[in-house]
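The values are calculated or read from the model by the stated rules, or taken from the named source; none is laboratory data. Worth saying up front: this structure is predicted, and the values here are computed from it rather than measured. Here the Cβ positions follow ideal geometry from the backbone for every residue, glycine too, while neighbour counts run over all protein chains shown.
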Amino acid sequence: MNIQEIIAKKRDKLELSKEEIEYFINGYTKGEITDYQASALVMAIYINGMNDRETTDLTLAMAYSGDVLDLSSLGEVVDKHSTGGVGDKITLVLMPVIASLGIPVAKMSGRGLGFTGGTIDKLESIPGYNTSISIDVFMENVKKHGISLMGQTLNLAPADKKIYALRDTIACTESIPLIASSIMSKKIAAGANKIVIDVTCGSGAFMKTREDAEKLANIMTSIGRLANKETVCIITPMDEPVGYAVGNTLEVIEAVDILKNKYMPEDVKNIIEELGANMLLLAGKISNIEDGKNLIIENIKNGKAYSKFLELISNQGGDISYIEDTDKFERAKYIVPIKASKSGKIISLDALNIGKLSCYLGAGREKKEDSINPRVGFVFTKKVGSLVTEGEVLGYIHADDEQKANEILKQEIFVIE
């Protein structure tokens, strides 16, 4: 067996065997297969695709290319993953709710790259919160407190890291088998036997159309089934930002306000109900989705989810006085209102554009080494469908650079008709 023969098979639209896929993954992870050889195979996969069995074998080979976390001692752990979006603070809201309902939450999250925000960046905007705890501490926290959220410190799916970087450089990012195997390999390596995936769809998501989102959801569900990992995919819209806040500290503040039951944006409510109810169903806590939705909202209203969030933050070194009084968070130097250019109905608040503008302000990173500014971003007061009058405030730009804020104001952020 050699890599040239494997490349030729996929080039000629033939099916790769499990052994051939494992040979490629093992060889590339160890550096025995070169980048240009891997590029040729990845391009052949991009052009000619993979069937469900091939995609599953690729996923499992990548998942077991490094460390694999064993969560079996924690009980029935149900993991949650999002394919990414703008203003996506769902993990910050949902995971304390799930933990408050007695399901252990052992979640490793990543940092943001590009226009999509990362949960770890958001958590690190809370003074003192430690995302770099050891695995032993992580496991002990879950056993003692029922919840721990940390960064990906283990060497999880190293083959995926290499292939992901390669795909980006050779314009092979938009391949459903490669996207599905990338997501599922990390989830399998992270240890949960049951997984709920939020497949975002729209301008601010990786999948731009419902059709592509459904294809991705179907293949990930199939991978989960073939890998003995019960997997449910929920497709959620990402044409406008989730909730009202975009930016690390600003999203933390919004998540805290939601957990304190101060207000609940309708889109956030819909997402946490749907994802959460499916997590409860997989964990065997409920027999139907509606019961799950009711339990989720009940544990926000009765304060149990907020109490669990305080416990999480305090236990990992965070200063809970910032959670109890979010006015303590440091704010951007300039908070500039965005006003309606005319009266009418808001028909668009493009999530992709807002994500890119947030990066421009400093809330995101173009390269993994880039630092981010946790203070900057947007807080909107209106959503798509709102009726507005000329001059009405539609939101605020939070900036540390006044010139950047003024440049953004020149754009048509809200489309009004």
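So here's what we get for this one:
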{"item": "Elements of type helices (runs of 4 or more DSSP H) in the stretch 113-203, at least 3 residues being in contact with a Leu (Cβ under 7 Å, 6 or more places away or on another chain) and farther than 16 Å from residue 315 by Cβ", "result": "176-189"}
{"item": "Among residues of the stretch 123-138, those that are under 17 Å from residue 75 (Cα atoms) and under 22 Å from the mean Cα position of the chain (by Cα), counted", "result": "2"}
{"item": "Test: residue 186 is more than 16 Å from the chain's Cα centre (by Cα), closer than 23 Å to residue 27 by Cβ and charged (D, E, K, R)", "result": "no"}
{"item": "Subset of the stretch 11-55 that is touching a Lys or Arg at 6+ places or on another chain (Cβ under 9 Å) and β-branched (Val, Ile, Thr) - its residue that is surrounded by the most Cβ atoms within 10 Å (Cβ to Cβ)", "result": "45"}
{"item": "Condition check for residue 286: in a loop (DSSP other than H, G, I, E, B) and among the aliphatic types (A, V, I, L, M)", "result": "yes"}
{"item": "Checking residue 267 against (1) in a helix (DSSP H, G or I); (2) touching a helix residue (DSSP H, G or I) at 6+ places or on another chain (Cβ under 8 Å); (3) crowded, with 19+ Cβ neighbours inside 10 Å; (4) not polar (S, T, N, Q), the condition it does not meet", "result": "(2)"}
{"item": "Conditions (1) surrounded by fewer than 24 Cβ atoms within 10 Å (Cβ to Cβ); (2) under 30 Å from residue 30 (Cβ atoms); (3) not hydroxyl-bearing (Ser, Thr, Tyr): number failed by residue 143", "result": "(2)"}
{"item": "Residue in the stretch 356-365 that is in contact with a helix residue (DSSP H, G or I) (Cβ under 9 Å, 6 or more places away or on another chain) and at positive phi present", "result": "yes"}
{"item": "Those residues of the stretch 1-51 which are farther than 18 Å from residue 175 by Cβ and among the hydrophobic types (A, V, I, L, M, F, W, C), in sequence order", "result": "1, 3, 8, 33"}
{"item": "Evaluation of residue 108 against (1) in contact with a helix residue (DSSP H, G or I) (Cβ under 7 Å, 6 or more places away or on another chain); (2) of a type outside the set (Lys, Arg); (3) modelled with pLDDT under 95; (4) outside any loop (DSSP other than H, G, I, E, B) (one fails), failing number", "result": "(1)"}
{"item": "Options 375, 365: the member that is under 24 Å from residue 206 (Cβ atoms), of a type outside the set (A, V, I, L, M) and in contact with a strand residue (DSSP E or B) (Cβ under 8 Å, 6 or more places away or on another chain)", "result": "365"}
{"item": "Lone unmet requirement of (1) touching a Lys or Arg at 6+ places or on another chain (Cβ under 6 Å); (2) touching a residue at least 60 places away in the same chain (Cβ under 8 Å); (3) closer than 25 Å to residue 87 by Cβ for residue 282", "result": "(3)"}
{"item": "Within the stretch 313-360, tally of residues that are among the β-branched types (Val, Ile, Thr), in contact with a Phe, Trp or Tyr (Cβ under 8 Å, 6 or more places away or on another chain) and assigned to a strand (DSSP E or B)", "result": "4"}
{"item": "Test: residue in the stretch 87-101 that is more than 20 Å from residue 180 (Cα to Cα), surrounded by 24 or more Cβ atoms within 10 Å (Cβ to Cβ) and over 20 Å from the mean Cα position of the chain (by Cα)", "result": "yes"}
{"item": "Residue in the stretch 330-349 that is among the aliphatic types (A, V, I, L, M), closer than 30 Å to residue 138 by Cα, assigned by TED's automatic domain parsing to the domain that holds residue 412 and in contact with a strand residue (DSSP E or B) (Cβ under 7 Å, 6 or more places away or on another chain) present", "result": "no"}
{"item": "One residue from 248, 261, 228 being among the polar types (S, T, N, Q), assigned by TED's automatic domain parsing to the domain that holds residue 295, surrounded by fewer than 20 Cβ atoms within 10 Å (Cβ to Cβ) and within 28 Å of residue 174 (Cα to Cα)", "result": "228"}
{"item": "The stretch 1-37 - residue that is outside any loop (DSSP other than H, G, I, E, B) and of a type in the set (Asp, Glu) and, of those, nearest to residue 64 (Cα to Cα)", "result": "22"}
{"item": "The lone exception for residue 130 - which of (1) more than 30 Å from residue 30 (Cα to Cα); (2) buried (at least 21 other Cβ atoms within 10 Å of the Cβ) it fails", "result": "(2)"}
{"item": "Only one of 209, 200 that is out of contact with any helix residue (DSSP H, G or I) (no Cβ under 7 Å at 6 or more places or on another chain) and either crowded, with 18+ Cβ neighbours inside 10 Å or aliphatic (A, V, I, L, M) (or both)", "result": "200"}
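This table checks each residue for (1) aliphatic (A, V, I, L, M); (2) at pLDDT 95 or above; (3) surrounded by 19 or more Cβ atoms within 10 Å (Cβ to Cβ).
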position	(1), (2), (3)
307	no, yes, no
310	yes, yes, no
330	no, yes, no
344	no, yes, no
347	yes, yes, no
375	no, yes, yes
388	yes, yes, yes
402	no, yes, no
412	no, no, no
